[in-house]
Structures are given as structure tokens and as C-alpha cells.
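Throughout, read-outs are computed from the coordinates displayed, never taken from laboratory work. Being a predicted model, the structure only gives us computed values, none of them experimental. Using ideal geometry, Cβ is built from the backbone for each residue, glycine included, and neighbour counts are taken over all protein chains shown.
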Ligand SMILES: Cc1cc2nc3c(=O)[nH]c(=O)nc-3n(C[C@H](O)[C@H](O)[C@H](O)COP(=O)(O)OP(=O)(O)OC[C@H]3O[C@@H](n4cnc5c(N)ncnc54)[C@H](O)[C@@H]3O)c2cc1C
């Protein structure tokens, strides 16, 4: 079979890529492959940033959040240091079994052909996978991407490991997102995100030891029991009442984002795009998926598939480059519990700092003068204490 664009992986990045390609050129033949049948579950906090909805509106799919209760309340805490407030824009908490299946449906309705197939290798001449040849391939196959490994080798950037479950809602967790930092290797935090349907997504994650994540091999990867114990100690009641535990790796973004030249494009977790401060990755997946799809469609039309990689690299750097660098710096600073406390205290004093922290965590923020002044103020007060 010969197609124009082959998308490997039908999570948010893959469906968005298919939607992006078909929005650019509805006459293209686009195949969307996944090893799983949909609906399928995916370990996630299910937090959908408003940026996701804005990005999806561009390809006519903003209504995938319909019917789920939006929320604005956010609690950020580290031990007794705590701030609570309303976020500027509302977020959604939608189980990935629902969200991802809706996105796949939208891609199929736009004209993508969905196939169930596990990819083990991508051939370069001709370009494609077993039984399918393509002008452009988009690797959207998640944290353990076969496409990325083949293209760039094993990823050396930091990873986190997180576990999520679902617990019955309590008054403490109702209509809010709760994020509480832990005391292990940062970023480490537990969360409780109200879905609005009687269940709360609860979980805990932390940075893994290894290359790029601080001293190598200082301790082994955390066990499932350790993750559950941490969750219970930071958000009491979450681990004891939760069920349906599912863990997964998060490939955290670093200072620099790379995409090789050529006709193979990367998007989402396959491109190593998870916010190192908060573990958010759905916005980056959707945004880079749409960008990859559009770039692929244009390259096919112009007969310039080999130039697609360079165009995608420039496009994503323009879209996310500055934000990713600021997020990386923030995550380095937040490795110090003192800085985490200083940030939360600054957000208590100044609403603008609260908004900046939310934006950095969700997908578009930068370190601005309010945050710098706020941090400096908190740290000065701390130093002045006897
Ligand atoms: C515990 C946890 C909590 C998180 N919480 C949040 C949150 O609240 N908000 C947020 O924005 N982000 C969160 N994230 C990150 C988010 O889940 C990911 O960034 C997001 O799923 C990335 O989307 P994707 O499409 O790139 O990859 P995925 O969603 O992983 O999709 C990849 C797809 O590729 C398929 N695939 C993989 N390998 C192959 C293969 N060889 N052949 C064929 N198909 C293949 C898979 O079946 C899958 O459907 C969390 C992650 C974890 C682990």
C-alpha cells in the first residue's frame, strides 16, 4: 500500500497529526496506525490544559472536551506552604480512554484510515513500515518510541516515572486540581484532579535516576509500592481509596529540542516533549502533532518530503522553543525545596506570580519579572529570619 502520510501512534499527538495533515490538504491519503484498539486506557493525570482546546480548535476538534465539567480551582502546596486560587482559564479532567478515542474518531471522520498494527521497524528505502510505503512518516508512538530510537538512538534526557489511579471524590478534592510537591528527587509531586463525575484522578510521580537527572545511580527506580506510599503520605486517602493503578514513563523535555532532517517527523512524547515542571504533555503532543501534520502535507504537495524534518524543527522551535527553555530553567530551580517554597509564598503574595507559575506548568509560560521579584522577595525574607 502506498500512502502520502503515515502516522505511527494514535494518541493525542498522532490523531492531531492526522487532523493537521487533512486540514492542510483533505485530498491526502493519511494512515493512522496504533498497536491498540480504541478506546484504550493510558496512564495519565487526565489534566487537559486550555491550550489543548485552543490548538484543537484550529483543526475543528475543540469539542472533544464537551460534556466534561471544566474547573478553575488550583491548590499548590509543599508541606504546610500552600497557595490556592482560580486559574485564569479553565482546565478539563477527562479520562484518556475517552479523550483519545474521541480524537481518533475525529481523525477518521476527517478522512484518516485507522489500522491496528504494532510497528517494530521503520524502513528508510522505501520509507515505511511492514506493508505500507509513505512519502512522510510521523512518529507519534509515545515515550518508548520505536521511530525515535531508530532515528536518534536511545534518549539520554531525563525521565520521570508516575502512577495514577481513580478514587471516589471527597469534599477536599471536589472541583479542583490539587498538586502537592513531595520530598524526594525533584520533580516529585502527587496530585488529585477532580473529573467531575464522582471520580478523582490521583497519582504520584518523580524523576528517575540516570543520565541527565543528577547523580547517576544514586538509587534505583522507585517501586510501585514506593510510589503508592509517597502518594498516600502527600495526599492522604488517595492510595487507600484509589483503584485501577497504571504507571508509565514521562520523557521530560530539556534545554534543546531536536528533530533530524529528512522525511520522518516526531511529535509528542516520541519527540521527548513533557513539561519537566509538571509532567504535562498533552498540549505539546497536540501542538507538535498538528504542526507535523501540516508540514507533512505541504511537503507532499510540493514533492519535497526530504525537507520536511528541517521545516518541522524550525516550526516547533518557533512555537515552543522559548517556553521549553524557561520551563527547563524553572525545573532546575525547583530541584531545591527552598525555591519551591519561595515560589509558593510569592504566589500567595502576588496573583501575577500564581498566573505565571500556572502558565509555565501548562504550556506557554515564561519566567517573567513578577516571578523573579517574587522569588527574590521570598528568599530575602527567609534569609532575614533569625
Ligand atoms: C502518570 C502520568 C500522568 C500524566 N498526567 C498528565 C496530565 O495530567 N496532563 C498532561 O497534559 N499530560 C500528562 N501526562 C503526559 C501525557 O500522558 C503524555 O504527554 C501524552 O500521552 C503524550 O501523547 P502522545 O500521543 O505523544 O503519546 P501517547 O499518548 O503515549 O500515545 C502513543 C500511542 O502510540 C501507540 N504505540 C506505541 N508504540 C507503538 C508501536 N510500536 N506500534 C504502534 N503503535 C504504538 C500507543 O499504543 C499509543 O496509543 C502524564 C503522564 C503520566 C505517565
Between helix 282-302 and the chain: long-axis angle, C-alpha atoms, 0 to 90°, nearest 10:
20 degrees
So if I take the centroid of the Cα atoms in the stretch 219-265 and the same for the stretch 165-205, what is the distance between those two points in Å?
14 Å
Over the stretch 213-291, calculate the relative contact order: mean separation of alpha carbon pairs under 8 Å at least 6 apart, over the residue count, as a percent.
20 percent
For the stretch 63-187, what does the alpha-carbon gyration tensor say about shape, rounded, prolate or oblate, given a ≥ b ≥ c as the root eigenvalues, a/c under 1.5 as rounded, and a/b over b/c as prolate?
oblate
When 42, 2 are arranged by how many other beta-carbons sit within 10 Å of their Cβ, fewest first, they go 2, 42
Mean shadow area of the chain, taken as a quarter of the surface of its Cα convex hull (nm²):
18.2 nm²
Value of relative contact order over the stretch 330-384, rounded to a whole percent, pairs C-alpha under 8 Å and six or more apart:
35 percent
Put in order of increasing Cβ neighbours within 10 Å, starting from the fewest, 235, 137 give 235, 137
The chain, relative contact order [Cα under 8 Å, separation at least 6], %
21 percent
Run the helix sum for the chain: -39,500 (n - 2.57) per DSSP H stretch of 4+ residues, divided by residue count, reported at 222 nm to the nearest 500 deg cm²/dmol.
-12000 deg cm²/dmol
When DSSP assigns beta bridges and you keep just the ones with both residues in the stretch 59-200, what percent turn out antiparallel, to the nearest 5?
75 percent
I need the peptides 32-38, 276-282 ranked by packing, meaning the mean over residues of other C-beta atoms within 10 angstrom, with the highest value on top.
276-282, 32-38
Can you sort 284, 181 from fewest to most other Cβ atoms within 10 Å of each residue's own Cβ?
181, 284
So for the chain: antiparallel DSSP bridges make up what percent, rounded to the nearest 5?
65 percent
